[in-house]
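Can you read through this structure? Questions will come right after.
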Amino acid sequence: MLQCRDLHLRYGSVVALDGLSLDVAKGRMTGFVGPNGAGKTSTMRIVLGVLGADAGEVSWNGVPPDAATRRRFGYMPEERGLYPKMRVRDQLVFLARLHGIEAAAARAASDELLERLGLTDRAGDAVEALSLGNQQRVQLAAALVHRPDLLVLDEPFSGLDPIGVDVLSAVLREEVERGVPVLFSSHQLELVERLCDDVAIVKDGRIVAAGEVEELRRRGRRRLLRVVVEGAAGAHDGSGWLDGVVGAEQVGRELVALADDADPQLVLDRARAAGDVTHFSFVLPSLSELFREVVAPVDEAAGEARREAVAP
Amino acid sequence: MSPRWLVVRREIVERARSRAMQIAMAVQLALIVIVLVIAAIAGGGGDTRTVGLAGAGSQAYAQPLRAAGSSLDETVRTRELPDRAAALRGVRDGSLDAAVIDGREVVVKEETTGPLTAAIQSVRRQLALRDALERAGVPPSQLRQALDPPSLRMRALDPEPADADTRHGLAMVAVILLYVAILTYGMAVASGVVEEKASRVIEVVLSAVRPRDLLFGKVVGIGVVAIAQFAATIAVGLAAAVALDVTDLPSVTGGAALLVVAWFVAGFLLYAALYSIAGALVSRSEDLQSVAGPLNVITVVAYLITFFGIDDPDSTVSVVASFVPLSAPMAMPARWLVGDVPAWEVALSFALTLATAFAFVRLSAAIYAGTALRLGPRISLRRALAARG
C-alpha cells in the first residue's frame, strides 16, 4: 500500500503542498479530486519520483521506494506525451524494457495490451498518425505495459468519449481486481463516485476529506429521507403529518432530516396514515455536493462579503 | 540491458529508421560524389601534359622534354604531328597542352608563362648549347659530362622528416574534419536532448529512468549516429576521389591514423556534451538557437587558434591551446603531427579532454534534472542548478 505523509512543496513563493497525507490501499481504486492547482499533479509526481518534495515522505509497503521499486510503478501524466515518430508497438516495448522487463516478455505484454485496447492493427503505425483518442489509449498502455504494482493516473478520463470512458474503466477495474492500488485524479465527480472505492479531496495542498466514498457521504450529517405522500396536505408546509415525531424535521420539499435517535419506521407509519406513500428512501448527498461543501466555504464567505458590501 | 543502453539503442534505431535522415544522408553522399566528378572533369588529368612536336626541327625536343617531367612533378608526353595546322588544332581543342613547331615556335592555348613553357625554353637552351659544343669539336664523352654532370651532393643541416608534408596535410584535414563535424552535428545533439521535453514524453520516461541515464544515453546514441554518418561521408568521399583519380591517398602510418581518430571521437564527445547543456536548458526547440549561439562561437575560436597555430607548433598559443580542453581535440593532434610533442603531453591532454567531457555530461544532467519538468520558457543556468532536488 502507498502512503504519503506530510508532504510539503513550494515553487518559489507559491505553496503547492502543505502537509498532504494520503493512503492508497491494495486492490482499491482511489479517486483524487480537488480544484485546479490544489496539488494533485505535484503529489503524483512526488509519488513517481519525477519531482522531489521539500519535506515529508512517501512509503510503499512501509518503506520509502527506491529507484528499482519505482520502476514497478505505472504512471500516466497529465501532460500527455509519447515519441511522436516512434511506432506504437516499439514504443510500448521500449517503455516496458525501461521498466525492467525482459525483451521477450516486453513484446508479449505489448501485444496483449494492444489487443485488449483494440489497437492491434495500428501497432506498426507512428503514434502521430493515430487519432487523439487512440493516442490516449496508447498512453494508458504505456502506463500498464510493465504490469505495474501501483497505478497512478493524472486525469486519465479527460478528453475521452463515453466508449473510451467505458474501456478505460473496465481496464482499471481489472487492474484493481488483480490487487493493484489505483490512484487517479479527475474532475468528473460522478465518474469518481461510480468507479472508486475510496476518495480523497484535496484543497490548497492538503487533504480535506478522505475515506470510503459511501462513508464519506454519510459522515457528520443527519440522515436524510425522501418521502413522497400523495394526497397529504401537510407534506409541503410541514404543518401536517410529521408533527410529534421526535428528532425528525422537514428540511425541504419531500426531504426529512433525522437526528441519530429518530426512528425512520415511525416516520413511515405517520406518512402512511397521512396518505399513499409513493416514495420512501434514504438519500445521500452526491460526491459533487460533498465536494462543494468541503471545498467551497472560502468562496461562499467571499461571496457573502461581497453581498454585504453591495447592500445599503 | 541497463536503461542507459536501452536509451542509446533507441536513439540509434529510431534515427537510422527515420525517413528524413535517410534522405538527407543520401543527398549528402550524392552531392559529394557529384562534386568529385566535377572536380575530376575540370581537372582533366592534370598530372599528365602532352606536348605536340611538328616539323623536323622539333624532334630533338622529345627526349629532353620527357626527362624534364620529373622536375615538374608531372608526366610529360610528346606526340609527333604532321604539320603546323595539326599542332594548332590540337592546342585549340585541348588535346595538347603545348606544341613546338619547327624547333622555333611554341604554341599554347592561353598562358605563355608557366612551368611547361619554362621547361620547353630550358630544353631549347640545352639543345643550343649542345649544337654549339658539337660544332666546336668537343668529343662525345666530354660533351655528355658537360651536359649531364653528376648531381651535387646534398646535405641538410636541419633535415625535415621525409613525411613532413604528409603530416602537415593530415593535421589540417584532422582539424577541419572535427570542426565541420561539430558544427554539423552539435545542434543535432542539442535538439535531440530537447526531444523528450518538446514531445512531453519526458514524464513517462523519467518515471522509469534517472535523468542522468536518459541524458547519457541520448548524448552517446546521437553521437554514435553522427560519427557513423560522418565516417560514411568520408569513406564515400575518399573512395570516389580515388576511383575518379582526383587525388592520391596520403600514406599515413597506422599510429598517426589511430591517434587522429581517437582525438576525433574524444573531441566530438566533448562538444556533444557541451551542446547537450544547451538542450538541457530549454524545453522547446525554438529556444535552442539563442542558447547554442555562444557554443558555436567557442567552436569557431578553438578552430581558428588551432588553424593558425599549425605552422608554429611550439608557440605559446599553440602549446596552451593543446591543453585547454575545448581547443585540445583540435590543437593537440595538430601539434603532435606537425611538431615534436612528448607522449606524456598527448596523454595528459587526452585525459583532461575526457575528464572535461565527463564533467560536462554531469553538469548537463544536473541542469536537465532541474529543468525537465518545467515546460515553459527557458530558465537561467543558476536557477536550473538550484532547482535540482
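The values are calculated or read from the model by the stated rules, or taken from the named source; none is laboratory data. Because the structure is predicted, anything quoted here is derived from the model rather than measured. So basically every Cβ, Gly included, is an ideal-geometry build from the backbone, and we count neighbours across all protein chains shown.
I need the full set of residues from segment A:149-164 which are closer than 20 Å to A:Gly34 by Cα and either at pLDDT 90 or above or of a type in the set (Val, Ile, Thr) (or both), in order please.
Within segment A:149-164, A:Leu151, A:Val152, A:Leu153, A:Asp154, A:Glu155, A:Pro156, A:Phe157 meet the criteria.
Return only the number of the condition from (1) at pLDDT 80 or above; (2) at positive phi that A:Gly244 does not satisfy.
(1)
Next question, about the same structure. Looking only at segment A:132-147, count how many residues are under 19 Å from A:Leu2 (Cα atoms) and either of a type in the set (Phe, Trp, Tyr) or crowded, with 20+ Cβ neighbours inside 10 Å (or both). Lay out the reasoning, then the answer.
Of segment A:132-147, the ones under 19 Å from A:Leu2 (Cα atoms) are A:143-144, A:146-147.
Right, trim to either of a type in the set (Phe, Trp, Tyr) or crowded, with 20+ Cβ neighbours inside 10 Å (or both) and you get A:143-144, A:146.
Selection size over segment A:132-147: 3.
Go through segment A:25-43 and count every residue that is within 13 Å of the chain's Cα centre (by Cα) and crowded, with 23+ Cβ neighbours inside 10 Å.
7
Hey, among B:Glu203, B:Glu196, which residue is touching a strand residue (DSSP E or B) at 6+ places or on another chain (Cβ under 8 Å), more than 27 Å from B:Ala321 (Cβ to Cβ) and in contact (Cβ under 8 Å) with a residue 12 or more places away in the chain?
Details: B:Glu196 fails: touching a strand residue (DSSP E or B) at 6+ places or on another chain (Cβ under 8 Å).
Answer to the selection: B:Glu203.
For segment A:44-82, name all the residues that are among the β-branched types (Val, Ile, Thr), facing chain B (nearest Cβ under 7 Å) and over 27 Å from A:Leu132 (Cβ atoms). Steps first, answer last, please.
Of the residues in segment A:44-82, the ones among the β-branched types (Val, Ile, Thr) are A:46-47, A:50, A:58, A:63, A:69.
If we keep only those that are facing chain B (nearest Cβ under 7 Å) as well, we get A:50.
Hits for segment A:44-82: nothing passes.
So which helices (runs of 4 or more DSSP H) stay within segment B:71-172 end to end and still have 2 or more residues that are surrounded by 16 or more Cβ atoms within 10 Å (Cβ to Cβ)? First the steps, then the outcome.
On the way: elements: B:84-92, B:115-135, B:140-147.
Qualifying helices (runs of 4 or more DSSP H): B:84-92, B:115-135.
Which is closer than 30 Å to B:Ala198 by Cα and not basic (Lys, Arg), of B:Gly293, B:Gly309? Quick ask: steps written out before the conclusion?
On the way: B:Gly309 fails: closer than 30 Å to B:Ala198 by Cα.
On inspection, the qualifying residue turns out to be B:Gly293.
Separate question: Out of (1) under 25 Å from the mean Cα position of the chain (by Cα); (2) under 21 Å from B:Met1 (Cβ atoms); (3) part of a helix (DSSP H, G or I); (4) not hydrophobic (A, V, I, L, M, F, W, C), what's the single condition that is false for A:Gly74?
Answer for A:Gly74: the failing condition is (3).
Can you find even one residue in segment B:315-324 that is touching a Leu at 6+ places or on another chain (Cβ under 7 Å) and either free of Cβ contacts under 8 Å to residues at least 12 places away in the same chain or not β-branched (Val, Ile, Thr) (or both)? Steps first, answer last, please.
Within segment B:315-324, the first condition is being touching a Leu at 6+ places or on another chain (Cβ under 7 Å), and the residues that meet it are B:323.
Narrowing the set further to residues that are either free of Cβ contacts under 8 Å to residues at least 12 places away in the same chain or not β-branched (Val, Ile, Thr) (or both) leaves B:323.
Taking every residue of segment B:315-324 in turn, at least one turns out to be touching a Leu at 6+ places or on another chain (Cβ under 7 Å) and either free of Cβ contacts under 8 Å to residues at least 12 places away in the same chain or not β-branched (Val, Ile, Thr) (or both).
Suppose the filter is over 16 Å from the mean Cα position of the chain (by Cα), loosely packed, with under 14 Cβ neighbours inside 10 Å, on the phi < 0 side of the Ramachandran plot and free of Cβ contacts under 8 Å to residues at least 12 places away in the same chain; does B:Val242 pass it? First the steps, then the outcome.
Working: over 16 Å from the mean Cα position of the chain (by Cα): no; loosely packed, with under 14 Cβ neighbours inside 10 Å: yes; on the phi < 0 side of the Ramachandran plot: yes; free of Cβ contacts under 8 Å to residues at least 12 places away in the same chain: yes.
Here the answer is no, as B:Val242 does not meet what is asked.
Let me ask something else. Taking A:Arg97 as the residue in question, decide whether it is under 23 Å from the mean Cα position of the chain (by Cα) and within 9 Å of chain B (Cβ to nearest Cβ).
On the way: under 23 Å from the mean Cα position of the chain (by Cα): no; within 9 Å of chain B (Cβ to nearest Cβ): yes.
Against the criterion (under 23 Å from the mean Cα position of the chain (by Cα) and within 9 Å of chain B (Cβ to nearest Cβ)), A:Arg97 does not qualify.
Next question, about the same structure. Quick one: would you say A:Asp90 is surrounded by fewer than 15 Cβ atoms within 10 Å (Cβ to Cβ), of a type outside the set (A, V, I, L, M) and within 14 Å of chain B (Cβ to nearest Cβ)? It would help to see each step written out before you state the result.
Numbers: surrounded by fewer than 15 Cβ atoms within 10 Å (Cβ to Cβ): no; of a type outside the set (A, V, I, L, M): yes; within 14 Å of chain B (Cβ to nearest Cβ): yes.
So A:Asp90 fails the test.
Go through segment A:23-42 and count every residue that is over 22 Å from A:Ser169 (Cβ atoms) and more than 14 Å from chain B (Cβ to nearest Cβ). Quick ask: steps written out before the conclusion?
First, the residues of segment A:23-42 that are over 22 Å from A:Ser169 (Cβ atoms): A:23, A:35-39, A:42.
Adding the requirement that they be more than 14 Å from chain B (Cβ to nearest Cβ) leaves A:23, A:35-39.
Summing the residues that are over 22 Å from A:Ser169 (Cβ atoms) and more than 14 Å from chain B (Cβ to nearest Cβ) in segment A:23-42 gives 6.
Moving to a separate point now. Out of the residues in segment B:1-34 that are out of contact with any helix residue (DSSP H, G or I) (no Cβ under 9 Å at 6 or more places or on another chain) and among the β-branched types (Val, Ile, Thr), state the one that is nearest to the other protein chains (Cβ to nearest Cβ).
B:Ile23
If a residue counts only when it is in contact with a strand residue (DSSP E or B) (Cβ under 8 Å, 6 or more places away or on another chain) and without any contact (Cβ under 8 Å) to a residue 40 or more places away in the chain, which strands (runs of 3 or more DSSP E) contained entirely in segment A:173-282 have at least 3 such residues?
Working: elements: A:182-185, A:198-203, A:206-212, A:223-230, A:248-252, A:255-258.
Because the criterion is at least 3 residues that are in contact with a strand residue (DSSP E or B) (Cβ under 8 Å, 6 or more places away or on another chain) and without any contact (Cβ under 8 Å) to a residue 40 or more places away in the chain, the strands (runs of 3 or more DSSP E) in segment A:173-282 that meet it are A:248-252, A:255-258.
Here is a list: B:Ala278, B:Ala273. Which entry is touching a Leu at 6+ places or on another chain (Cβ under 7 Å) and surrounded by 14 or more Cβ atoms within 10 Å (Cβ to Cβ)? Spell out the reasoning first.
Working: B:Ala273 fails: touching a Leu at 6+ places or on another chain (Cβ under 7 Å).
Only one candidate passes the filter, namely B:Ala278.
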